[in-house]
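Report on the following structure.
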Amino acid sequence: MLEQELVPIVQLGHPALRRAALPFDGELDAEELEALIALMRRVMHAAPGVGLAAPQLGIPLQIAVLEDTYDVGAEAAAVRDRQPLPFFTIINPRYEADGEDSAEFFEGCLSFEGYQGVVRRHASVVLDYTDPQSRQHMERFSGWQARIVQHETDHLYGTVYVDKVLTRSLCSNTEYARRWAAPDIEESQRVLGF
């Protein structure tokens with residue numbers, strides 16, 4: 001079997017990451033949309049990542065794919081409220097905070113390779129989106145799932161996580177793995193002063 005070709009993920013500085021994507025309104029037929037979603041999923045898995053927005057491939061449409069099946073260990077999963085997120089596609093999404101609680105954790109981005117930083121995000125959100133079959137959904141996400149939903153939806157409106165990062169927490173993946181990969185962020189907060 002021939003390996004299917006992947007396309008590159010655009011990096012910070014590319015204009016597609018800084019513009020609001022266009023709402024999807026049938027620009028692709030069902031077969032083309034299915035092919036795009038399949039490509040996005042392959043690229044996300046190969047990276048590897050837990051989400052990918054169409055602008056990260058230079059495509060200015062409000063489409064993103066999300067999936068988190070990584071085993072981060074029981075302690076980290078509990079501290080981060082991280083549950084598996086089955087694969088799904090969001091089209092023309094919008095989210096709203098579901099309550100006042102927030103959570104701060106390190107996150108990275110496939111379009112800013114090699115770095116991680118702490119971002120304060122809503123602990124729970126309500127996401128309104130359309131699926132590839134044009135069905136409307138309104139779902140509540142909490143914990144790490146809410147973080148992924150916010151991160152990918154933000155991409156569709158020209159926002160990258162570094163716009164929200166607590167700047168003193170920004171570090172290379174090497175330093176993150178070496179020093180700050182604990183289940184919580186208490187030590188990094190104390191040492192880095194954020």
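Side notes on the structure shown:
- Scope segment 61-78; condition open to solvent by 80 Å² or more (accessible area, probe 1.4 Å) and farther than 24 Å from ASP154 by Cα; matching residues: ASP71, ALA74, GLU75
- Segment 159-193: number of residues that are closer than 21 Å to HIS14 by Cβ and either open to solvent by 60 Å² or more (accessible area, probe 1.4 Å) or of a type in the set (Val, Ile, Thr) (or both): 8
- Selection status of THR159, closer than 24 Å to LEU61 by Cβ, in contact with a Pro (Cβ under 6 Å, 6 or more places away or on another chain) and of a type in the set (Ser, Thr, Tyr): no
- Residue in segment 20-34 that is closer than 13 Å to VAL160 by Cα, under 17 Å from the mean Cα position of the chain (by Cα) and open to solvent by 80 Å² or more (accessible area, probe 1.4 Å) present: no
- Leading residue by the ranking (surrounded by the fewest Cβ atoms within 10 Å (Cβ to Cβ)) among those in segment 39-52 that are out of contact with any strand residue (DSSP E or B) (no Cβ under 9 Å at 6 or more places or on another chain) and part of a helix (DSSP H, G or I): ALA46
- Residue in segment 85-100 that is free of Cβ contacts under 8 Å to residues at least 12 places away in the same chain and open to solvent by 40 Å² or more (accessible area, probe 1.4 Å) present: yes
- Segment 69-125: number of residues that are in contact with a Ser or Thr (Cβ under 8 Å, 6 or more places away or on another chain) and part of a loop (DSSP other than H, G, I, E, B): 7
- For segment 126-158, the candidate set comprises residues that are in a strand (DSSP E or B) and aliphatic (A, V, I, L, M); within that set, the residue that is least open to solvent (accessible area, probe 1.4 Å) is LEU127.
- Segment 1-19 - residue that is in contact (Cβ under 8 Å) with a residue 60 or more places away in the chain and part of a loop (DSSP other than H, G, I, E, B) and, of those, surrounded by the most Cβ atoms within 10 Å (Cβ to Cβ): ILE9
To keep it simple, each residue is scored yes or no on (1) touching a strand residue (DSSP E or B) at 6+ places or on another chain (Cβ under 7 Å); (2) not hydrophobic (A, V, I, L, M, F, W, C).
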residue	(1), (2)
GLU96	yes, yes
PHE105	yes, no
GLY108	yes, yes
VAL119	yes, no
SER134	no, yes
GLY143	no, yes
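The values are calculated or read from the model by the stated rules, or taken from the named source; none is laboratory data. None of the values given here were measured: they were computed from a predicted structure. Cβ: placed from backbone, ideal geometry, glycine included. Neighbour counts: every protein chain shown. For the accessible areas, the whole protein counts, side chains as well, though only heavy atoms, and no ligand, DNA or RNA atoms are used. Shrake-Rupley method; radii C 1.70, N 1.55, O 1.52, S 1.80 Å.
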